[in-house]
Amino acid sequence: MTGGAAAHPLDNPGLASLTGPHARFAERRGRVVRYPVDVSPWLGLPAEPDAADWTDLVAFAGADGSVPLPGVGAAVPTGWELTFDVAGVQLVDEGTAAAPDAEAVRLGPGDVPEMLDLVARTRPGPFLPRTVELGTYLGLRHRGALVAMAGERLRPPGFTEISAVCTDPAHRGRGLAARLVRAVAYGIRERGDTPFLHTSARNTGAIRLYEALGFGLRRSIPFRAARPPLVAVAAGRAPDAGAGTAADEAAENGRTAVRSG
């Protein structure tokens, strides 16, 4: 399919989100859209990008020229260098026992420092200073400290991704992640969407957990980053406004996007 979203929203979830329920976040260059670099490394390319699309994508590169390409399956053009390439999987709710959790608390902007600290210690994948704006995030606390969290990220029409599922190492083995996944899934279903997840194909522990919770494998999905020909970078080409040094952080986060969703 040329231009627009793929036939199924989950076939191109970044594009479907940024041209659908998350359109308010979209930064656009031609037909290429992305989230702000302090929100998410996800972006959207047409299902069959042409040369102009790849040229426009260069404007979203960091200072090192690298562009995160989570979920982008199209072959990169000749001259582009893949700098990261990890196989991922996409799982969709097939009967999760979704339920609210009385102990789970809603997390917001005031909780972001604690959330960033938990993410730094557990490395579930990218969670940035404004990621919390994408949807509902829930946490569990122990003696006041945030020890587990999960929340919503991509929003293709009819679907919502559960992401940033993580538990402090000292509190693992107590089922906290499972409780939060069920609680987040409950909220997603309540508004009529279907929950889904991404994780690395090598993260067999997470896959087993999600399958035990009632998620089924839908498809494989690539998580990549690539560097275009360095002519523009070597010439000192400045990126467009909004694609400055913060894009470097997004590129780095794109490399960790598949650790556990």
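Restricting the search to segment 108-124, which residues are in a loop (DSSP other than H, G, I, E, B) and charged (D, E, K, R)?
R123
Residues in segment 70-86 that are in contact with a strand residue (DSSP E or B) (Cβ under 6 Å, 6 or more places away or on another chain) and aliphatic (A, V, I, L, M): how many?
Taking segment 70-86 first, the residues in contact with a strand residue (DSSP E or B) (Cβ under 6 Å, 6 or more places away or on another chain) are 70-71, 73, 76, 80-86.
Keeping just the survivors that are aliphatic (A, V, I, L, M) gives 76, 82, 86.
Going through segment 70-86 one residue at a time, the tally reaches 3.
Given R189, R219, which one is at pLDDT 95 or above and outside any strand (DSSP E or B)?
Values: R219 fails: outside any strand (DSSP E or B).
Unique residue meeting the criteria: R189.
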Requested in this report: Check whether at least one residue in segment 97-107 is part of a strand (DSSP E or B), more than 13 Å from L138 (Cα to Cα) and either open to solvent by less than 30 Å² (accessible area, probe 1.4 Å) or not β-branched (V, I, T) (or both), and report yes or no.
Outcome: no
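Do you know which of the residues in segment 65-77 that are in a loop (DSSP other than H, G, I, E, B) and of a type in the set (A, V, I, L, M, F, W, C) is nearest to L138 (Cα to Cα)? Working first, answer last.
The first filter runs over segment 65-77 and keeps only residues in a loop (DSSP other than H, G, I, E, B), leaving 65-66, 71-77.
Within this subset, residues satisfying the condition of being of a type in the set (A, V, I, L, M, F, W, C) are 72, 74-76.
Details: V72: 29, A74: 34, A75: 37, V76: 37 Å.
The selected residue is V72.
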Query raised in the report: If you scan segment 16-64, which residues turn out to be part of a helix (DSSP H, G or I), under 20 Å from A75 (Cβ atoms) and open to solvent by 10 Å² or more (accessible area, probe 1.4 Å)?
Result: A51, A52, W54, T55, D56, V58
Query raised in the report: Given the conditions (1) at pLDDT 95 or above; (2) open to solvent by 40 Å² or more (accessible area, probe 1.4 Å); (3) more than 27 Å from E114 (Cβ to Cβ); (4) not in a helix (DSSP H, G or I), which single one is not true for R174?
Result: (3)
Query raised in the report: Which one is most open to solvent (accessible area, probe 1.4 Å), of the residues in segment 192-206 that are in a helix (DSSP H, G or I) and in contact with a Ser or Thr (Cβ under 9 Å, 6 or more places away or on another chain)?
Result: G205
Report summary line: Taking segment 158-171 and the residues there that are among the aliphatic types (A, V, I, L, M) and crowded, with 24+ Cβ neighbours inside 10 Å, the one that is farthest from G135 (Cα to Cα) would be V165
Requested in this report: Can you confirm whether segment 130-141 contains a residue that is in a helix (DSSP H, G or I), under 27 Å from H171 (Cα atoms), open to solvent by 70 Å² or more (accessible area, probe 1.4 Å) and modelled with pLDDT of 95 or more?
Outcome: yes
Report task. Determine whether R155 is within 23 Å of L18 (Cα to Cα) and either open to solvent by 50 Å² or more (accessible area, probe 1.4 Å) or more than 19 Å from the chain's Cα centre (by Cα) (or both). Result -> yes
Report summary line: Per the filter on segment 78-96, residues open to solvent by 40 Å² or more (accessible area, probe 1.4 Å), under 13 Å from P229 (Cα atoms) and either in a loop (DSSP other than H, G, I, E, B) or among the small types (G, A, S) (or both) are T78, G79
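The values are calculated or read from the model by the stated rules, or taken from the named source; none is laboratory data. As the structure is a computational prediction, the values presented were derived from the model and not from experiment. Cβ atoms come from the backbone with ideal geometry, glycine included; neighbour counts cover every protein chain shown. We work out accessible area using only protein heavy atoms, side chains counted, and drop any ligands, DNA or RNA first. Shrake-Rupley method; radii C 1.70, N 1.55, O 1.52, S 1.80 Å.
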